[in-house]
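**Student:** The following block contains the structure, expressed as structure tokens.
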Amino acid sequence: MKNYLLVLQFIAIAITGYGQKTNLATIKRVQTFEQKFSKGAEENVLIEEKSYDTLGQLIELKEFDAKGNAVVWEKYIYDENGNLIEELFLNSKGKIEKKEVTQYQNNLKISREFFDSEGRLYKKKTYEYELR
């Protein structure tokens, strides 16, 4: 009888553990810390932070220097099909330095426009497809 109970407990634990896999859509933010040991243990320093929407798509990326200043700051916007339609590149104070806008037709990228910090278009790429 004890063996029977042990087997049931093992199965219950295995099933419970299997059901606890993390789905990317459940993650809101991931922070990456770095700790150096060259001169003894130093405190953890935040070096990267990624934020995700409810679908698990990356919506914001920040990379930091050792002093905690943002050296990379990007925001991403998606359409209803999950296509990346807008990328914002910000400075450490959160001001837009440049923006890239992508347009799609039938889920195919048809153009990409590049704007400066003043919102002026400075470059455009277009894409043409030869379909079968």
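**Student:** Kindly provide the set of residues from the stretch 60-87 that are within 23 Å of LEU108 (Cβ to Cβ) and part of a strand (DSSP E or B), ordered by number. Working first, answer last.
**Tutor:** Filtering the stretch 60-87 for residues within 23 Å of LEU108 (Cβ to Cβ) gives 76-87.
Across the stretch 60-87, the qualifying residues are TYR76, ILE77, TYR78, LEU84, ILE85, GLU86, GLU87.
**Student:** Let me ask something else about it. Name the pairs: first residue in the stretch 106-130 and loosely packed, with under 13 Cβ neighbours inside 10 Å and outside any strand (DSSP E or B), second residue aromatic (Phe, Trp, Tyr) and at pLDDT 95 or above, Cβ to Cβ under 6 Å, at least 6 apart or on different chains?
**Tutor:** Within 6 Å, no pair qualifies.
**Student:** Being small (Gly, Ala, Ser), within 16 Å of the chain's Cα centre (by Cα), within 24 Å of LYS28 (Cα to Cα) and surrounded by fewer than 13 Cβ atoms within 10 Å (Cβ to Cβ), is that true of even one residue in the stretch 66-73?
**Tutor:** no
**Student:** If you don't mind, there's one more thing I want to ask. For the stretch 27-48, how many residues are in contact with a strand residue (DSSP E or B) (Cβ under 9 Å, 6 or more places away or on another chain) and either of a type outside the set (D, E, K, R) or touching a residue at least 40 places away in the same chain (Cβ under 8 Å) (or both)?
**Tutor:** Counting residues in the stretch 27-48 that are in contact with a strand residue (DSSP E or B) (Cβ under 9 Å, 6 or more places away or on another chain) and either of a type outside the set (D, E, K, R) or touching a residue at least 40 places away in the same chain (Cβ under 8 Å) (or both) gives 10.
**Student:** Output the number of residues of the stretch 94-105 satisfying the condition of being under 25 Å from GLY82 (Cβ atoms) and surrounded by fewer than 14 Cβ atoms within 10 Å (Cβ to Cβ). Before the answer, list the steps.
**Tutor:** Going residue by residue through the stretch 94-105, those that are under 25 Å from GLY82 (Cβ atoms) are 96, 98-105.
Those left that are additionally surrounded by fewer than 14 Cβ atoms within 10 Å (Cβ to Cβ): 105.
Total meeting the criteria: 1.
**Student:** Residues of the stretch 33-61 being closer than 27 Å to LEU84 by Cα and touching a Lys or Arg at 6+ places or on another chain (Cβ under 8 Å), which ones?
**Tutor:** The answer is GLU48, GLU49, LYS50, SER51, TYR52, LEU58, ILE59, GLU60, LEU61.
The values are calculated or read from the model by the stated rules, or taken from the named source; none is laboratory data. The shown structure was predicted, so the numbers you read here are calculated from the model rather than taken from an experiment. Note: ideal-geometry Cβ built from the backbone for every residue, glycine included; neighbour counts use all protein chains shown.
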